[in-house]
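Peer 1: I am attaching a structure below and will ask some questions about it afterwards.
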Amino acid sequence: REAEVEYRNSQMLLRDAVERSASWPVPRLPGAFESAIDFLTAFEGMTKPRQGRLVEAEADVRRALLSRLTAVGKYHIDTAQISGYLANLLSGQARFTEAEQLARAAVEIYRSLGYPENAPAHAFALNRLATTLFSQRRWEEASEVYAQLDVATKDWDTSRAALIGADWPRIFTYYN
């Protein structure tokens, strides 16, 4: 609850800064505050599921995603990141089909933007996609994405790889 309040307060301060920036002697970087506001909105939304407020959580993250889509379009890192947040939120509600669509969109965006698969953001997106496929018991498709993830993270040290659950082969083998 405390994090939710702080994210909301931060948004209000940034909105105020947007208004005040019109009188600043040095113009602000266009879109920077708006991007930060959208991320804070998404972060606020991500605090709500643990409070049992799933509808509000989804509304916040969707609002942030729509704002980013309007501001920068589909093929932008911000859009990919917030799509991933929404995919995580929906996965947590066992809405795997919707989560998969968003996870696939994020992977497509990273690829289109030229991010290598071993870039952390791209690897996290691959992991999110693999997890949604696995959760739908689509073992073969999940295995293919996990194989891509293996290649992408083969040079990562163990502590870094642990961030995305690098023990997937053991788990996957158990279910397959």
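Peer 1: For the pair E117/R53, report the inter-label distance in nm, with labels modelled 7 Å from Cα in the Cβ direction.
Peer 2: So the label points at E117 and R53 sit 4.0 nm apart.
Peer 1: Same structure again: How large is the helix-only mean residue ellipticity at 222 nm for the chain, computed as the sum of -39500 (n - 2.57) over DSSP H runs with n ≥ 4, divided by its residue count, in deg cm²/dmol to the nearest 500?
Peer 2: Details: 9 runs with 130 residues, N = 176.
Per the formula, -24000 deg cm²/dmol.
Peer 1: Now for a separate question. By accessible area of protein heavy atoms, probe 1.4 Å, what ranking do V151, V145 get, highest first?
Peer 2: Numbers: V151 95, V145 10 Å².
Listed by decreasing accessible area, they come as V151, V145.
Peer 1: Using a 7 Å offset from Cα along Cα-Cβ at R1, what residues in region 23-46 end up with backbone N under 20 Å from the label point?
Peer 2: Hits in region 23-46 for R1 at 20 Å: 43-46.
Peer 1: Still on this structure, I have one more. Kindly report the accessible area of region 103-153 per residue (heavy atoms of protein chains, probe 1.4 Å, no ligands, DNA or RNA), in Å². Before the final figure, lay out each step's value.
Peer 2: Details: 2270 Å² over 51 residues.
Per-residue value: 45 Å².
Peer 1: Report the extension gain between K154 and E108 in nm, rounded to one decimal, defined as 0.36 nm multiplied by the number of residues separating them, less their alpha carbon distance. Walk me through the intermediate numbers first.
Peer 2: Values: separation 46, 0.36 × 46 = 16.56 nm, distance 2.13 nm.
Extra length from K154 to E108 when fully extended: 14.4 nm.
Peer 1: Shifting gears a bit: Keeping all protein chains in the complex and leaving out DNA, RNA and ligands, what accessible area do you get for L13 with a 1.4 Å probe, in Å² to the nearest 10?
Peer 2: Here the residue's solvent-accessible area equals roughly 120 Å².
Peer 1: For the chain, with a Gaussian network of springs between Cα atoms less than 10 Å apart, report the residue from A106, A36, A64 with the top mean-square fluctuation.
Peer 2: Between A106, A36, A64, it is A36 that shows the largest mean-square fluctuation.
Peer 1: Calculate the FRET efficiency for E141 and A17 from the Cβ-Cβ distance with a Förster distance of 45 Å, rounded to the nearest 0.05.
Peer 2: Details: r = 45 Å, r/R0 = 1.00.
The calculated FRET efficiency here is 0.50.
Peer 1: Could you check how much of the accessible area of the chain is carbon and sulfur, as a whole percent, using a 1.4 Å probe? Mind showing how you got there, number by number?
Peer 2: On the way: 5530 of 9890 Å².
Here carbon and sulfur together make up 56 percent of the probe-accessible area.
Peer 1: Choose one answer from E144, E100, E19: the residue with the largest mean-square fluctuation in a GNM of the chain with alpha-carbon springs under 10 Å.
Peer 2: Comparing E144, E100, E19 in the GNM, the peak value goes to E19.
Peer 1: While we're on this one: Can you give the accessible area per residue of region 7-87, in Å², using a 1.4 Å probe? Kindly include the intermediate steps, with their values, before the conclusion.
Peer 2: On the way: 4500 Å² over 81 residues.
Result: 56 Å² per residue.
Peer 1: Just to confirm a number: summing +1 for Lys and Arg and -1 for Asp and Glu over residues other than T41 whose beta-carbon lies under 14 angstrom from that of T41, what do you get? Show your work: numbers first, answer last.
Peer 2: Working: positive: R8, R15, K48, R62, R63, R68; negative: E4, E6, E34, D38, E44, E56, E58, D60, D78.
Summing Lys/Arg as +1 and Asp/Glu as -1 gives -3.
Peer 1: Please state the equivalent ellipsoid semi-axes for the chain: what are the square roots of 5 times the Cα gyration tensor eigenvalues, largest first, in whole Å?
Peer 2: Semi-axes (√(5λ), whole Å): 32, 19, 14.
The values are calculated or read from the model by the stated rules, or taken from the named source; none is laboratory data. The structure presented is a predicted model; accordingly, all values stated were derived computationally and were not measured. Positions of Cβ are backbone-derived with ideal geometry, glycine not excepted, and every protein chain shown enters the neighbour counts. We work out accessible area using only protein heavy atoms, side chains counted, and drop any ligands, DNA or RNA first. Shrake-Rupley method; radii C 1.70, N 1.55, O 1.52, S 1.80 Å.
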